[in-house]
Amino acid sequence: MQFSEIEARAVEKHGREALEDRLSPVVSVAEIEAIPADRFLSEATKVILQAGFSWSLIDKKWPNFEAAFEGFDVHRWSMMGEEDLDRLLKTEGIVRNAGKLLSVGKNALYFRDIITEHGSVGAFFASWKPEDFFENLSAMQKRTNRLGAKTGQIFLRRMGVESVVLSNDVVQALIGAGIVAKAPTAKRDLASVQAALNIWRKESGRSLSQISQILALSV
């Protein structure tokens with residue numbers, strides 16, 4: 001199925017102007033490169049905390065998290081110790097879930113390693129090729145804590161990286177387009193989705209993020 005057919009359905013449902021207003025702006029490589037490492041750790045932590053909790057609750061409490069984690073400095077939190085967890089579990093105004101709080105230290109180690117390997121976290125994510133999205137996502141999932149699959153997809157979208165969020169509506173649209181028969185989790189199915197996205201990206205001139213959103217809005 002051509003992407004123009006999918007987009008036409010989304011336009012029919014929402015109108016052209018309203019559809020365009022709901023799409024993520026394209027973020028340049030330079031803009032992603034310029035994002036400080038602490039903002040990557042902060043957003044990764046927020047996404048992890050929002051999984052299973054009310055997003056609005058975490059948003060409301062987020063200034064308290066920023067204060068409790070002292071701005072999410074990657075090098076500082078890569079050395080997170082038991083005393084840090086003890087303090088956080090006694091801190092008022094944050095969600096005191098030990099497992100999710102511990103993910104900060106583990107993911108800080110990942111981002112610290114990325115800095116060592118690539119010069120900066122922003123440079124690393126800015127170098128991602130959209131054509132390899134699911135392969136890169138899988139590699140990130142293996143090296144991080146609680147930042148896999150849907151959580152990782154949402155994190156990348158928020159940081160401006162071209163990304164697909166396999167929401168229920170997106171999966172339904174992919175099934176309707178004949179790309180997969182069920183929610184894609186196996187390597188073979190994800191490869192089929194990636195191949196379709198690569199074709200649609202060339203056809204439409206849109207980013208992966210916008211294609212993903214149009215798929216969802218076409219249902």
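The values are calculated or read from the model by the stated rules, or taken from the named source; none is laboratory data. Source: prediction; values computed, not measured. When we count neighbours, we look across all protein chains shown, and the Cβ atoms used for this are built from the backbone with ideal geometry, even at glycine. Just the protein is used for accessible areas: all its heavy atoms, side chains included, with ligands, DNA and RNA removed. Shrake-Rupley method; radii C 1.70, N 1.55, O 1.52, S 1.80 Å.
Descriptive notes on the structure:
- Single condition V27 does not satisfy, out of (1) open to solvent by less than 80 Å² (accessible area, probe 1.4 Å); (2) part of a loop (DSSP other than H, G, I, E, B); (3) within 12 Å of I211 (Cα to Cα): (3)
So that you can scan it fast, the table gives a plain yes or no per residue for (1) more than 21 Å from the chain's Cα centre (by Cα); (2) closer than 24 Å to I154 by Cα; (3) open to solvent by less than 70 Å² (accessible area, probe 1.4 Å):
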position: Q50; (1), (2), (3): no, yes, yes
position: W55; (1), (2), (3): no, yes, no
position: W62; (1), (2), (3): no, yes, yes
position: L89; (1), (2), (3): yes, no, yes
position: E92; (1), (2), (3): yes, no, no
position: G105; (1), (2), (3): no, yes, yes
position: L109; (1), (2), (3): no, yes, yes
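- Consider region 146-179 and keep the residues that are more than 12 Å from the chain's Cα centre (by Cα) and β-branched (V, I, T). The one that is surrounded by the fewest Cβ atoms within 10 Å (Cβ to Cβ) is I175.
- Restricting attention to region 180-205 and to residues that are in a helix (DSSP H, G or I) and hydroxyl-bearing (S, T, Y), the residue that is farthest from the chain's Cα centre (by Cα) turns out to be S204.
- The numbered conditions (1) closer than 23 Å to V121 by Cα; (2) open to solvent by less than 70 Å² (accessible area, probe 1.4 Å) are all true for D84 except (1).
- Unmet requirement for T116, which otherwise passes all of (1) open to solvent by less than 20 Å² (accessible area, probe 1.4 Å); (2) hydroxyl-bearing (S, T, Y); (3) over 16 Å from G152 (Cα atoms): (1)
- Residue pairs meeting the criteria (Cβ under 7 Å; at least 6 apart or on separate chains; first assigned to a helix (DSSP H, G or I), in region 150-165; second among the acidic types (D, E) and at pLDDT 95 or above): F155/E43; R158/E43
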